[in-house]
Amino acid sequence: MGWWLGLLLVISVAGCTHTGAAQEPADPAAGRPAAPVTMTNVDPSDPAAWAEAEHIAARQHAGLVHKHSDTLPFLFAAERARSVLIHQGAVVTRRGPGVAGAYLRDLGILRGNGPPLDDVLWALWALDALPKVEPIGTEGYVNVPSSRRLADVTARIEYDGPIARVVLHYFKPEGPLAKDAHPASSAPPGGRVGSAVRGLVRMTLDIPETGDAAWRREDIIRADPG
C-alpha cells in the first residue's frame, strides 16, 4: 500500500511541475513584432514634422540622412542608401515606378502643382524608378532645358486630363537604326537636306488618377535640326 502512495505522490508532483511551467508567462521580449513606425505630424509646412520624420529616417540603418528638397516631403537622401521615404506617416521600403508614381500623385503632380521637374527626376532616381534602357543606362536621358536644339527631347512633364506623364528621351548608340523605329512627331518632316538622324528611345511614365504608374517605350528616329 505504501509503494502505491509513493508512486501517486511522484506522479502528482511531476504533473504540477509540468502544468506550472506551461502556465509561466513567456519572455515578454521574445518574438514580439517591432512596433510600426508612424509619424504623429504629417504637415510638411511644419518644421516639427520634418524633425520628426528625420528622426525616424535616421533609425532606418541608412547612415546619415538629410532633406533633399522642401517640395519632396519626407523623402530623405541617405548615406548608405539612395533614400529613405516616409509617406502617409509610415516608412516605405518598396521601390519602383509604382511607388514613385503614387508618391508624386499625392504631391499633386496630376493637378500641375507637384514638385518641379528637377525634383521629380531626383525622386525617380531616389526611389529606383527610372526606366531600364539597355545598353544606355537609366540616367542617360537628355535633360538640357537651356538648349534650343534639344528642346523637343529634353526631359519634361506633360498633363493630359486625368494623367500626368514624365517623358524622357535616350539617344541610342551610333549604329543601324532599329527596324521598328518611326519618325519622331516633333522632328521636321524628313529633316533638312543632309541633316543627320539619330535613333532615340522615348520612355514615358504614365501616372493615372488610380492604379500604378508604369513606363511605356517608343523607338523613334529624330532628324537633327542643326
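We did not get these values from a lab; they are worked out from the coordinates using the rules stated. The model shown is predicted, which means the values in this text are computed figures rather than measured ones. Here the Cβ is made from the backbone with ideal geometry for all residues, glycine too, and neighbour counts use every protein chain on show.
Please arrange LYS132, LYS172 by counting, for each residue, the other beta carbons lying within 10 Å of its beta carbon, fewest first.
Listing LYS132, LYS172 from fewest to most nearby Cβ atoms yields LYS132, LYS172.
What ranking do SER147, SER83, SER45 get, fewest neighbouring Cβ atoms within 10 angstrom at the top?
SER45, SER147, SER83
Taking the Cβ of each residue in ILE109, ILE157, ILE207 as the centre, tally the other Cβ atoms inside 10 Å and list the residues starting with the fewest.
In increasing order of surrounding Cβ atoms, one gets ILE157, ILE109, ILE207.
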